[in-house]
Number of protein chains: 2
Amino acid sequence: MSAHPRLSLNQATIKHADLPTALAVTEKAGITSIGLWREPVAAVGLAAAAALVADSGLRVSSLCRGGFFTASDDAARRAALDDNRRAIEETAALAAAGAPGSAAVLVLVAGGLPAGDRDLPGARARVADAVAALVEDAAAAGVTLAIEPMHPIYAADRGVISTLGQALDVAEQFAGVGVVVDTFHVWWDPQLAEQVARAGRTGRIASYQVNDWITPLPPDALLARGMMGDGHIDLPAVTAMVEQAGYAGDVEVEIFNQEIWDADAGEIAERTATAFGAHVGL
Amino acid sequence: MSAHPRLSLNQATIKHADLPTALAVTEKAGITSIGLWREPVAAVGLAAAAALVADSGLRVSSLCRGGFFTASDDAARRAALDDNRRAIEETAALAAAGAPGSAAVLVLVAGGLPAGDRDLPGARARVADAVAALVEDAAAAGVTLAIEPMHPIYAADRGVISTLGQALDVAEQFAGVGVVVDTFHVWWDPQLAEQVARAGRTGRIASYQVNDWITPLPPDALLARGMMGDGHIDLPAVTAMVEQAGYAGDVEVEIFNQEIWDADAGEIAERTATAFGAHVGL
């Protein structure tokens, strides 16, 4: 099989595959790039993971994920920063192990409101503070921090950065900080076209991720993403915005979906390649 | 019992009560205003409903709901406009039957994407077209059309107007068209403060509805609203924005929640009055 040359399979789509399996099924489906997650990397150890990636010949398009910056107590905040510094090192090592064209991009999820805390502007301000605290480490490691705006459905418990515009408001304060454009999170935004264009003008698009918005939403809203073509998002329209904004990197498929997770990883990799070719507009 | 003088119980909160019961439990809880829904009004007939409202001595704060403007075929579009014209007449009749201080406000829900249609900008444009087609009828009847931005979680299947700013972009094209500020739908918006202020400057806040955002989201995301104080929204902060924007009308409590719907309507009316007093910041 061969797949679109810019397609990258994000490991979350084949959540239950370990790293060797994930690399193997990606390659077998003709996909030439992979988006890695920290947990399966940690399961084999960073050095072994880097060796496996190097052996695979695949590009690495990003590492998921850092972030979770919203804790209000000092100890938790320091722990989050320390963990993100480790994630920066992992990102650099894995991208270096990947094939040419790999991107040293660390995806940052903001984190939700601390328990019992209703101060959303306060939590959002702490995200910007944490990014500020990490910018030098990231630059030293050659890593791009990529702030991912999350769908407002997750504002309370997962990601307080809710729009692309808001992510750019944070990213533009710093050199070398970008944003993630994930269709599931941003497709509904009336300002999407203008904010993608803005991200392009300032060179801030660090990652483009595709998937779909399906209805009815499944009982667990975290698993509400569908395969491209199965939902309501005009993916070619979003892709055209991102292309026009000058983004020329890998395009990740990241899907959290129980039915997909329950299926065979190899089969999902092949379905992903087919759906990508048919529905993304690249 | 007595309740806050600006509290209005939206009938959706006591969904399974018929109109006579809804009016009775509202009054018994010391609440002096009610937000009506078309279905329970239709169940008794408009004339009988108006007489019941007049007898109750309650104010009417709004009628839910018109809208559903996104159909792309002509017949369905004409049917939607005709239905909205009937809703305008109902709004006028019910507000006239209510006690002094009643508001002739028709809440408009935009509607979702037509089946199989991924053209979100197109659907949004049809909403503006439909409002344009109804403005004169509404003005003739003394009714304010109130566009309700809905949480982006509903963009595909219920309401393509996703932010307060977007609702204002439509409303401001016309005289006598307002917006609904519903905390569940707008609390996450990074532009909330500036858009509420904008709505105030142009006199566009036609309704303020309160409730809460609870986690984890229940399996049916349509029923994800909680009682004030049970969730993550900083209600006093939003109320302060709305107050500063000059809104001085009734404040509706509108909650779609299975547990609340399953409880006794009289008990819910009393819980609503108590939670309103404790958590809304009025």
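The values are calculated or read from the model by the stated rules, or taken from the named source; none is laboratory data. Computed from a prediction, not measured in an experiment: that's the story for all the values here. Cβ coordinates were reconstructed from backbone atoms using ideal geometry, including for glycine residues, and neighbour counts include every protein chain displayed.
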Practice task
Would you please name the residue that is farthest from the other protein chains (Cβ to nearest Cβ), looking only at residues in region A:140-155 that are surrounded by 23 or more Cβ atoms within 10 Å (Cβ to Cβ) and aliphatic (A, V, I, L, M)?
Solution key: A:143
Handout entry: Given (1) within 14 Å of chain B (Cβ to nearest Cβ); (2) not in a helix (DSSP H, G or I), index of the condition residue A:127 fails
Key = (2)
Problem - Looking only at region B:176-204, and only at residues there that are under 25 Å from residue A:224 (Cβ atoms), within 16 Å of the chain's Cα centre (by Cα) and not in a loop (DSSP other than H, G, I, E, B), the one that is farthest from the other protein chains (Cβ to nearest Cβ) - result: B:182
Problem - Of all residues making up region B:74-118, the number that are free of Cβ contacts under 8 Å to residues at least 12 places away in the same chain, surrounded by fewer than 15 Cβ atoms within 10 Å (Cβ to Cβ) and assigned to a loop (DSSP other than H, G, I, E, B) - result: 2
Exercise for the section: Can you work out which of the residues in region A:156-167 that are over 14 Å from the mean Cα position of the chain (by Cα) and assigned to a helix (DSSP H, G or I) is farthest from the other protein chains (Cβ to nearest Cβ)? Expected result: A:165
Practice task
Only one of these is of a type in the set (S, T, N, Q) and surrounded by fewer than 24 Cβ atoms within 10 Å (Cβ to Cβ): B:33, B:56, B:61. Name it.
Solution key: B:56
Exercise for the section: Consider residue B:70 carefully, then state whether it is among the hydroxyl-bearing types (Ser, Thr, Tyr) and either free of Cβ contacts under 8 Å to residues at least 12 places away in the same chain or away from every other protein chain (no Cβ under 14 Å) (or both). Expected result: no
Handout entry: Of the criteria (1) within 20 Å of residue B:152 (Cβ to Cβ); (2) within 14 Å of chain A (Cβ to nearest Cβ); (3) surrounded by fewer than 23 Cβ atoms within 10 Å (Cβ to Cβ), which one residue B:256 fails
Key = (2)
Problem - Scan of region A:205-246 for residues that are buried (at least 23 other Cβ atoms within 10 Å of the Cβ), assigned to a loop (DSSP other than H, G, I, E, B) and more than 10 Å from every other protein chain (Cβ to nearest Cβ), ordered by number - result: A:211, A:227, A:228
Exercise for the section: Kindly provide the set of residues from region A:57-105 that are on the phi > 0 side of the Ramachandran plot and of a type outside the set (Gly, Ala, Ser), ordered by number. Expected result: A:68
Problem - Looking only at region B:259-281, and only at residues there that are touching a helix residue (DSSP H, G or I) at 6+ places or on another chain (Cβ under 9 Å) and under 19 Å from residue B:186 (Cα atoms), the one that is surrounded by the fewest Cβ atoms within 10 Å (Cβ to Cβ) - result: B:281
Practice task
Read through the list (1) farther than 16 Å from residue A:147 by Cα; (2) assigned to a loop (DSSP other than H, G, I, E, B), then give the number of the only condition that residue A:69 fails.
Solution key: (1)
Exercise for the section: Please tell me if residue B:170 is in a strand (DSSP E or B) and buried (at least 21 other Cβ atoms within 10 Å of the Cβ). Expected result: no
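Yes or no, residue by residue, for (1) at pLDDT below 95; (2) small (Gly, Ala, Ser):
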site: A:206; (1), (2): no, yes
site: A:212; (1), (2): no, no
site: A:223; (1), (2): yes, no
site: A:226; (1), (2): no, yes
site: A:230; (1), (2): no, no
site: A:235; (1), (2): no, no
site: A:244; (1), (2): no, no
site: A:267; (1), (2): no, no
Fill in the blank from the handout: Output for Cβ contacts, cut-off 8 Å, separation at least six or different chains, first residue assigned to a loop (DSSP other than H, G, I, E, B) in region A:25-52, second surrounded by fewer than 22 Cβ atoms within 10 Å (Cβ to Cβ) and hydroxyl-bearing (Ser, Thr, Tyr), reads A:30/A:2
Problem - Qualifying position, being surrounded by fewer than 20 Cβ atoms within 10 Å (Cβ to Cβ) and either in contact with a Leu (Cβ under 7 Å, 6 or more places away or on another chain) or farther than 23 Å from residue B:273 by Cα (or both), among B:16, B:4 - result: B:4
Exercise for the section: Filter region A:157-167 down to residues that are touching a residue at least 40 places away in the same chain (Cβ under 8 Å) and buried (at least 24 other Cβ atoms within 10 Å of the Cβ) and give me whichever is farthest from residue B:231 (Cα to Cα). Expected result: A:161
Handout entry: Flag if residue A:186 is farther than 27 Å from residue B:186 by Cα, crowded, with 23+ Cβ neighbours inside 10 Å, of a type outside the set (Lys, Arg) and at pLDDT 95 or above
Key = no
